[in-house]
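Novice: Okay, here's the structure, questions in a sec.
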Amino acid sequence: MKLIADSGSTKTDWRLLSNGGVIASFSTEGLNPYFKNTAEIQHVLKLEVFSKIEAVNTISEIYFYGAGCSSESKNVVVLKAFENVFLNTKTIEINHDLLGAAIALCGNEKGIVAILGTGSNSCIYDGERILEEQNSLGYILGDEGAGSFIGKQLMIDYLYGKIPQDLSHNLEMEFDLSKESILDRVYKQKLPNRYLASYMKWIGKHIKEEEYLQELVKNAFEIFIKEHILNYNIVKEISFNCVGSVGFYFQDLLKEVVENNNLKMGKVIQSPIEGMIDFHR
């Protein structure tokens, strides 16, 4: 049997495959090695993955595609956790989530591949491998266009009094906000990127009626296109494809920004896991 995982900073989607197809499907928290060490990842595997799978010893191959798995040192953090838990598995591959996104979005075709979820990333894919990749700087220095980036700008505007008064009042009532609570979550608590991205659901609820929110999201996408996509040399020749919850749920605004930059809009999907299944099947 094969175990396939697509892991972002917030959530990991898992599928267990046999010759007959998918026999288990579930989700756990994200396993980004920039935010979790080997022991913490191992704890999640034992507590949340083992309990969902019968006959763990029959898993012969594991393919993990993860946010943060972009260097050998970070991949080793994840690999050691799997090796310590799946003792009888012969093949364990740790890959970057960008490669998984490219496989799911483009298959064997060339394309621009973007991830817009809690974090963001991009690359040029030639149908087999990643040719070029923009540096991903994380939620403090980068993650342009992502949920953490948009949520951060929302909090900045709220604290500086730049949000329309009625909308600001709604935000306060729904989240019981204060300067102290926001700064505590961002500077003292774990996983501030997830906290900032959590405001995307609220934005999604109100965006149709609120021009401020529309401009907030569109501006974030504009910055992403400028800082990531337009730096590639061949963007005018191939389509722009995107995976991730932010790109998926706000794809009308994304399409507008993409086309305003004279790019060809391609496929937008919420999760790459189904495409990964087809590839590994």
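Please treat every number below as a calculation from the coordinates, not as lab data. Keep in mind the model is a prediction, meaning the values are calculated, not measured. So basically every Cβ, Gly included, is an ideal-geometry build from the backbone, and we count neighbours across all protein chains shown.
Novice: In vacuum, with every alpha carbon of the stretch 92-154 counted as one equal point scatterer, what does the Debye formula give for log10 I(q)/I(0) at q = 0.21 Å⁻¹? Two decimals, please.
Specialist: -0.80
Novice: So, one more: Computed over the Cα atoms of the stretch 123-267, what is the convex hull's projected area averaged over all directions, in nm²? The partial results should precede the final answer.
Specialist: Numbers: hull surface 37.1 nm².
Taking a quarter of the hull surface, the average projection is 9.3 nm².
Novice: Still on this structure, please answer the following. To the nearest µm²/s, what D does Stokes-Einstein give for the stretch 157-224 at 25 °C and 0.890 mPa s, using the Kirkwood radius over alpha carbon pairs as Rh? Could the numbers behind the result be given before it?
Specialist: Values: Rh = 13.0 Å.
For these conditions, the coefficient is 189 µm²/s.
Novice: In sequence order, what are the phi-derived ³J(HN,Hα) couplings for the stretch 105-121 according to the Karplus relation 6.51 cos²θ - 1.76 cosθ + 1.60 with θ = phi - 60°, rounded to whole Hz, with x for glycine and proline?
Specialist: For the stretch 105-121, the Karplus-derived couplings read 7, 10, x, 9, 9, 6, x, 7, 10, 10, 10, 10, x, 4, x, 9, 6 Hz, x marking Gly and Pro.
Novice: Where does helix 165-175 land angle-wise versus the long Cα axis of the chain, in degrees 0 to 90, nearest 10?
Specialist: The helix 165-175 is inclined about 40 degrees to the chain.
Novice: Let me know the charge dipole size of the chain about its Cα centre in debye, to the nearest 20, where only the beta-carbon of Lys, Arg (+1) and Asp, Glu (-1) is charged.
Specialist: Working: 28 positive and 37 negative charges, 119 e Å.
Charge dipole of the chain: 560 debye, to the nearest 20.
Novice: Let me ask something additional. Can you figure out the FRET efficiency of ASP278 with LEU137, using R₀ = 35 Å and their beta-carbon distance, to the nearest 0.05?
Specialist: Working: r = 32 Å, r/R0 = 0.91.
Efficiency, from the Cβ-Cβ distance: 0.65.
Novice: Sorted from largest down, what three extents in whole angstroms do the Cα atoms of the stretch 72-189 have along their principal axes?
Specialist: Here the spans come out as 56, 37, 22 Å, largest first.
Novice: If Rh is defined by the Kirkwood formula over all Cα pairs and Rg also comes from Cα, what ratio Rg/Rh do you get for the stretch 1-56?
Specialist: On the way: Rg = 11.6 Å, Rh = 11.7 Å.
Reported Rg/Rh, Kirkwood definition of Rh: 0.99.
Novice: Oh, and also: Calculate, in nm to one decimal, what ASN108 and ASP126 gain on full extension: separation in residues at 0.36 nm each, minus their alpha carbon distance. Write down the numbers at each step before the final one.
Specialist: Details: separation 18, 0.36 × 18 = 6.48 nm, distance 0.76 nm.
Additional length available on full extension: 5.7 nm.
Novice: Starting from the Cα coordinates of the stretch 31-100, work out the convex hull volume and express it per residue in Å³. If you can, show how the numbers build up before the last one.
Specialist: On the way: hull volume 5.6 nm³, N = 70.
Expressed per residue, the convex hull around the Cα atoms of the stretch 31-100 is 80 Å³.
Novice: Given the stretch 1-156 reduced to its alpha-carbon atoms as identical point scatterers, what log10 I(q)/I(0) does the Debye formula return at q = 0.08, 0.09 Å⁻¹?
Specialist: Evaluating at q = 0.08, 0.09 Å⁻¹ gives log10 I(q)/I(0) of -0.24, -0.30.
Novice: Starting from the 7 Å offset along Cα-to-Cβ, what nm value, one decimal, do you get for the label separation of LYS226 and ASP166?
Specialist: Computed distance between label sites LYS226 and ASP166 equals 3.1 nm.
Novice: Under a point-charge model restricted to the Cβ atoms of Lys and Arg (+1) and Asp and Glu (-1), what is the dipole moment magnitude of the stretch 100-196 relative to its Cα centre, in debye to the nearest 20?
Specialist: Working: 9 positive and 14 negative charges, 56 e Å.
The calculated dipole for the stretch 100-196 is roughly 260 debye.
Novice: Around SER239, which amide H atoms from residues at least 5 apart in sequence, or from another chain, sit under 5 Å from its own amide H, with H modelled in the peptide plane?
Specialist: ILE112
Novice: How many angstrom separate the Cα center of the stretch 75-113 from the Cα center of the stretch 152-169?
Specialist: So the two Cα centres are separated by 39 Å.
Novice: Continuing with the same structure: Using all Cα-Cα distances in the chain, what percent lands in each 10 angstrom bin from 0 up to the longest?
Specialist: Distribution as computed: 6, 29, 32, 23, 9, 1 percent.
Novice: Would you kindly state how much longer the chain becomes between SER71 and ASN260 on full extension, computed as 0.36 nm times their sequence separation minus their alpha carbon distance, in nm to one decimal?
Specialist: Values: separation 189, 0.36 × 189 = 68.04 nm, distance 3.41 nm.
Separation in residues times 0.36 nm, less the Cα-Cα distance, equals 64.6 nm.
Novice: Considering just Cα atoms, how many Å³ per residue does the convex hull of the stretch 215-257 enclose? Can you show the working numbers first?
Specialist: Numbers: hull volume 3.0 nm³, N = 43.
Enclosed volume per residue, from the Cα hull, is 70 Å³.
Novice: Same structure, new question: Would you compute, from DSSP H runs of 4+ residues alone, the mean residue ellipticity of the chain at 222 nm, taking -39500 (n - 2.57) per run and dividing by the full residue count, rounded to the nearest 500? Intermediate results must be reported in sequence, preceding the final value.
Specialist: Numbers: 13 runs with 121 residues, N = 281.
-12500 deg cm²/dmol, from helical runs alone.
Novice: Given labels modelled 7 Å from the Cα in the Cβ direction, how far is it in nm from PHE248 to TYR212?
Specialist: 2.9 nm
Novice: Follow-up. Which FRET efficiency, nearest 0.05, do LEU47 and GLU237 yield, Cβ-Cβ r, R0 45 Å?
Specialist: Values: r = 47 Å, r/R0 = 1.04.
Working from the Cβ atoms, E equals 0.45.
Novice: Sticking with this one: What is the set of long-range amide H partners of SER120 at a cut-off below 5 Å, with H atoms built 1.01 Å from backbone N?
Specialist: For SER120, whose amide H was placed from the backbone, the distant partners under 5 Å are ASP143.
Novice: For the modelled label position 7 Å from the Cα of GLN270 along Cα-to-Cβ, which residues of the stretch 110-137 have backbone nitrogen atoms closer than 11 Å?
Specialist: none
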